[in-house]
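Below is one structure, written out as structure tokens; comments come after it.
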Amino acid sequence: MKEKIRQEAAKLFDWLVEIRRDIHAHPEIGLQEVRTSARVADELRRLGLEVKTGIGMTGVTGLLKGGSPGRTIAIRADMDALPIEEQTGLPFASQNKGVMHACGHDGHVSVALGTARVLSGMRERLRGNVKFIMQPAEENYGGARDLVEEGVLENPAVDAIIALHIEVDESAGKLVIKPGPIGAAADVFMVSINGKGGHGSEPQACIDPIHIAAHVITAMQTMIPRSFDARDPLVVSVCSIQGGSAFNVIPDCVHFGGTVRTLSRERRAAIPKKLEDIVRGITSTFGATFDFSYIHGAPITANEPGMTDLMKGVAAELWGPDSVVEMDKPHMGSEDYSYYLEKVPGAMGLLGARKDREIEYPSHHPRYDFDERCLPFGVELLASTAVKFLNGEL
Ligand SMILES: [Zn+2]
Ligand SMILES: [Zn+2]
């Protein structure tokens, strides 16, 4: 089936580009992907899939049942855009002011629909099912969490999941991947320090929360790295602080908050207590009180080794062994694909899509763009991996 998939994917090139450009020109922010999900649902219905809409607000699933029963593999694509004013000058640039597909999710939609088209053309030869999970709100909300809660991994039960993310650091025809963690868990903490305000000239009559906050933040930045094994990566960043409104008034309270990124469950579990201990110890020394809250965001994105090997093997078989690039290190950003990986084994690979131009703009940049020649490569890889998972061979 390898050759058949390759030919079909190549034939779809113009259609893949049309979809990508249509989605690109009409970007929608997470949970508002109304037009996008309508087009996605239409295309999946036209291919004869069982389609469900309105999952987690704007999510869509499409179930492709093979000719004989078997396992179920899911293919996930995210559909949302970013609040960025596009500056690419492309003929198909965003028509929605202040909104842009700057993370390649327009490409992810195109590749997933292309995969559905190729596999629906050979459904009789498939042993099992392929479930397409077209997900909202990866960037702003963690849409995957709601989809998992609403049961996208059930009925039929999903045995494994695969996904690609477009990657402009590598050229088309390359797969970047590694087993284990590829992205960090992203948690949020918020702190209020409650002191006693007063005249700026009389600190002795006050409990100055600005002074205390300065100590707490300094202690966080020094004690956290000195309390844990440096070989297990960890980032704690205080990213916002509010307090005071005049040069001669000590305020009653200061609020600050930030983000924690970790790559292991053990480290992730240990951080909230450590942060709270630091806040408690320092505020009590100065006679202030505090409020502390900690919110767990997306988990660690960890590729299951077996599924990683499967994707690698398929890429090497399709495009040659040099096409597989071992990802050197995980990044400390997060990806809500991790919610699926907590429930079922799966992997995410990065699909090379570097444009042939002097300056490559990174994702989330107003001039971001990618090489559309990656689209049929993505279709070939996802379709072939699904076939190999279900049928045992390509
Ligand atoms: Zn992004
Ligand atoms: Zn993304």
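The values are calculated or read from the model by the stated rules, or taken from the named source; none is laboratory data. Computed from a predicted structure; not experimentally measured. Backbone-built Cβ (ideal geometry, glycine too); neighbour counts: all protein chains shown.
Quick one: which of 190, 223 is in the same structural domain as residue 256 (by TED's automatic domain parsing) and at pLDDT below 95?
223
What pairs come out if I take residues in segment 102-122 that are under 17 Å from residue 90 (Cβ atoms) and pair them with residues that are part of a helix (DSSP H, G or I) and among the aromatic types (Phe, Trp, Tyr) whose C-beta lies under 9 Å away, six or more apart or interchain?
Note: pairs meeting the criteria are 110/15.
Select from segment 142-199 the residues that are over 13 Å from the mean Cα position of the chain (by Cα) and small (Gly, Ala, Ser) and list them in ascending order.
151, 157, 160, 171, 172, 173, 180, 192, 195, 197, 198
Starting from segment 363-379, keep only residues that are touching a residue at least 12 places away in the same chain (Cβ under 8 Å), then list their pairs with residues that are aromatic (Phe, Trp, Tyr) and within 16 Å of ligand 2 (Cβ to nearest atom) whose Cβ atoms are within a distance under 6 Å, requiring at least 6 positions of separation or different chains.
Here the result reads 367/361; 368/361, each pair linking segment 363-379 to a residue that is aromatic (Phe, Trp, Tyr) and within 16 Å of ligand 2 (Cβ to nearest atom).
Give the residue that is surrounded by the most Cβ atoms within 10 Å (Cβ to Cβ), with candidates limited to residues of segment 254-294 that are among the acidic types (Asp, Glu) and without any contact (Cβ under 8 Å) to a residue 24 or more places away in the chain.
Restricting to residues being among the acidic types (Asp, Glu) and without any contact (Cβ under 8 Å) to a residue 24 or more places away in the chain, the top hit is 276.
Go through segment 146-183 and give me each residue that's over 25 Å from residue 64 (Cβ atoms), surrounded by fewer than 24 Cβ atoms within 10 Å (Cβ to Cβ) and of a type outside the set (A, V, I, L, M).
Across segment 146-183, the qualifying residues are 167, 169, 170, 171, 173, 174, 178, 179, 180, 181.
Is it fair to say residue 241 is on the phi < 0 side of the Ramachandran plot, outside the structural domain of residue 331 (by TED's automatic domain parsing), outside any strand (DSSP E or B) and surrounded by 15 or more Cβ atoms within 10 Å (Cβ to Cβ)?
The answer is no for residue 241.
For residue 214, indicate whether it is surrounded by 12 or more Cβ atoms within 10 Å (Cβ to Cβ), outside any strand (DSSP E or B) and small (Gly, Ala, Ser).
yes
As an exercise: evaluate residue 188 against (1) over 25 Å from residue 334 (Cβ atoms); (2) touching a residue at least 60 places away in the same chain (Cβ under 8 Å); (3) surrounded by fewer than 21 Cβ atoms within 10 Å (Cβ to Cβ) and give the number of the one condition it does not meet.
That leaves (1) as the condition not met.
If residue 140 meets every condition in (1) over 26 Å from residue 236 (Cα atoms); (2) within 16 Å of ligand 2 (Cβ to nearest atom); (3) surrounded by fewer than 17 Cβ atoms within 10 Å (Cβ to Cβ) apart from one, which number is that one?
Of (1) over 26 Å from residue 236 (Cα atoms); (2) within 16 Å of ligand 2 (Cβ to nearest atom); (3) surrounded by fewer than 17 Cβ atoms within 10 Å (Cβ to Cβ), only one is false for residue 140: (1).
What are the residues in segment 176-191 that are of a type in the set (A, V, I, L, M, F, W, C) and not in a strand (DSSP E or B), if any?
184
Out of contact with any Asp or Glu (no Cβ under 6 Å at 6 or more places or on another chain), closer than 23 Å to residue 363 by Cα and not in a strand (DSSP E or B), is that true of residue 140?
yes
Within segment 317-346, can you find the residues that are away from ligand 2 (no atom under 16 Å from the Cβ), over 28 Å from residue 21 (Cβ atoms) and of a type outside the set (Asp, Glu)?
320, 321, 324, 329, 343, 344, 345, 346
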